[in-house]
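**Q** Handing you this structure, nothing more for now.
The values are calculated or read from the model by the stated rules, or taken from the named source; none is laboratory data. Bear in mind the structure is a predicted one, so any value in this text is a computation, not a measurement. Cβ atoms come from the backbone with ideal geometry, glycine included; neighbour counts cover every protein chain shown.
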Amino acid sequence: MKLPEHVVDAHWQGRGHLTETVAKQVLNDYGIAVPRSVVAADSRQVVAAFESLGGPVAVKVISSDLVHKSDVGGVEVDIATPEAARRATTTIAAAVSDSGYKVDGFLVEEMVPRGHEVVVGSVLDPRFGRLIMIGLGGIFIEVLEDVAFGICPITEVDARVMLHELRGYPLLAGARGGVVASEPLLVDVLVKLGGEDGLFLSLPDEITEVDINPLIASDRTAVAADARFVLSDRNSHD
């Protein structure tokens, strides 16, 4: 398979991942909702982006050599004023630079409506090929390892089975008066990613892992708030 241009660029530049902006562009191309966003080069453009989006917003660093932005202070959320957006830009740039990473720009995004944090991902397994995974975020995946897997391609029936396999599924269904995550929307996301015509089966083997974390799911929306595509470490570009 011929590699998409942005994957080739990432390889030639020695990067092991696609930037978040490119990752979300790919998701959007496959019908996965992503937040409205503006790419900004400096604090002046960040403020202009804030005013364009209307706030509150999140400001995230764009860095070609940094994957886990929040680990080094590369993300600020719930920014409610232009001045706060300006300060966030300065704080993020200093934190990322002090950690030894490049600052290529900033991604200014509208805040996603509240909902359940869900993790959806894919790995390339040497035996089974593309796998799709879903789990609840936070303690459910980090401590309880509450996840469900499927082998691509999956159907809508497979997607529903995966959801109901989760021990935390009652929370998604609104247990104890909590927020309901729309099962039809989650099924739709899973099929768009892992179905016969979905994103995961269209990926070249050079992309070995996809992580949408979190996907914010409510009764009305399912939005990919963050995403990363991990590339293999081989140097071939054929």
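**Q** Restricting to the range 87-104, name every residue that is assigned to a loop (DSSP other than H, G, I, E, B) and either without any contact (Cβ under 8 Å) to a residue 40 or more places away in the chain or of a type outside the set (D, E, K, R) (or both).
**A** If the condition is that a residue be assigned to a loop (DSSP other than H, G, I, E, B) and either without any contact (Cβ under 8 Å) to a residue 40 or more places away in the chain or of a type outside the set (D, E, K, R) (or both), then SER99, GLY100, TYR101, LYS102, VAL103 are the ones that fit.
**Q** Then there is this: If you take the residues in the range 65-86 that are buried (at least 18 other Cβ atoms within 10 Å of the Cβ) and assigned to a loop (DSSP other than H, G, I, E, B), which one is modelled with the lowest pLDDT?
**A** The selected residue is LEU66.
**Q** Residue under question is VAL8, and the condition is that it be over 29 Å from VAL187 (Cβ atoms), modelled with pLDDT under 95, surrounded by fewer than 19 Cβ atoms within 10 Å (Cβ to Cβ) and of a type in the set (Val, Ile, Thr); does it hold?
**A** yes
**Q** Here's another thing I want to ask about it. Looking at SER37, is it closer than 20 Å to THR19 by Cα and surrounded by 13 or more Cβ atoms within 10 Å (Cβ to Cβ)? Steps first, please.
**A** Numbers: closer than 20 Å to THR19 by Cα: yes; surrounded by 13 or more Cβ atoms within 10 Å (Cβ to Cβ): yes.
Criteria met by SER37.
**Q** Also, I was wondering about something else. Only one of these is touching a residue at least 40 places away in the same chain (Cβ under 8 Å), in contact with a strand residue (DSSP E or B) (Cβ under 9 Å, 6 or more places away or on another chain) and under 29 Å from LEU201 (Cα atoms): LEU136, LEU131, LEU107, LEU144. Name it.
**A** LEU107
**Q** Assess whether ARG176 counts as being basic (Lys, Arg) and more than 30 Å from GLY55 (Cα to Cα).
**A** Details: basic (Lys, Arg): yes; more than 30 Å from GLY55 (Cα to Cα): yes.
When the stated conditions are applied, ARG176 passes them.
**Q** Would it be correct to say that GLY138 is modelled with pLDDT of 95 or more and assigned by TED's automatic domain parsing to the domain that holds ASP205?
**A** For GLY138, the condition - modelled with pLDDT of 95 or more and assigned by TED's automatic domain parsing to the domain that holds ASP205 - is not met.
**Q** OK, next. Take ILE79 and tell me if it is hydrophobic (A, V, I, L, M, F, W, C) and closer than 23 Å to VAL223 by Cα.
**A** yes
**Q** Could I ask something else about it? Anything in the range 153-172 that is within 18 Å of PRO214 (Cα to Cα) and free of Cβ contacts under 8 Å to residues at least 12 places away in the same chain? List them, or say none.
**A** TYR169
**Q** Being surrounded by 14 or more Cβ atoms within 10 Å (Cβ to Cβ) and within 16 Å of HIS68 (Cα to Cα) is the filter here, so list the residues in the range 95-120 that pass it.
**A** Residues satisfying the conditions are ALA95, VAL96, SER97, TYR101, VAL103, ASP104, GLY105, PHE106, LEU107, VAL119.
**Q** Kindly provide the set of residues from the range 19-47 that are within 17 Å of LEU193 (Cα to Cα) and part of a loop (DSSP other than H, G, I, E, B), ordered by number.
**A** Result: TYR30, GLY31, ILE32, VAL34.
**Q** Given the criteria farther than 24 Å from THR21 by Cα, touching a Gly at 6+ places or on another chain (Cβ under 6 Å) and not polar (S, T, N, Q), does ASP158 qualify?
**A** Working: farther than 24 Å from THR21 by Cα: yes; touching a Gly at 6+ places or on another chain (Cβ under 6 Å): yes; not polar (S, T, N, Q): yes.
Yes, satisfied.
**Q** Condition first: buried (at least 17 other Cβ atoms within 10 Å of the Cβ), small (Gly, Ala, Ser) and touching a Cys at 6+ places or on another chain (Cβ under 8 Å). Can you find one or more residues in the range 131-150 that meet it?
**A** No, the range 131-150 contains no residue that is buried (at least 17 other Cβ atoms within 10 Å of the Cβ), small (Gly, Ala, Ser) and touching a Cys at 6+ places or on another chain (Cβ under 8 Å).
**Q** Okay, next question. For the range 68-84, state whether one or more residues are acidic (Asp, Glu), out of contact with any Phe, Trp or Tyr (no Cβ under 6 Å at 6 or more places or on another chain) and within 20 Å of VAL34 (Cβ to Cβ).
**A** The answer is yes, given that some residue of the range 68-84 is acidic (Asp, Glu), out of contact with any Phe, Trp or Tyr (no Cβ under 6 Å at 6 or more places or on another chain) and within 20 Å of VAL34 (Cβ to Cβ).
**Q** If you don't mind, another one. Could you check the range 147-228 for helices (runs of 4 or more DSSP H) lying wholly inside it with 1 or more residues that are in the same structural domain as MET133 (by TED's automatic domain parsing) and within 23 Å of SER37 (Cβ to Cβ)?
**A** Values: elements: 156-165, 169-172, 183-194, 199-202.
Per the criteria, 183-194, 199-202.
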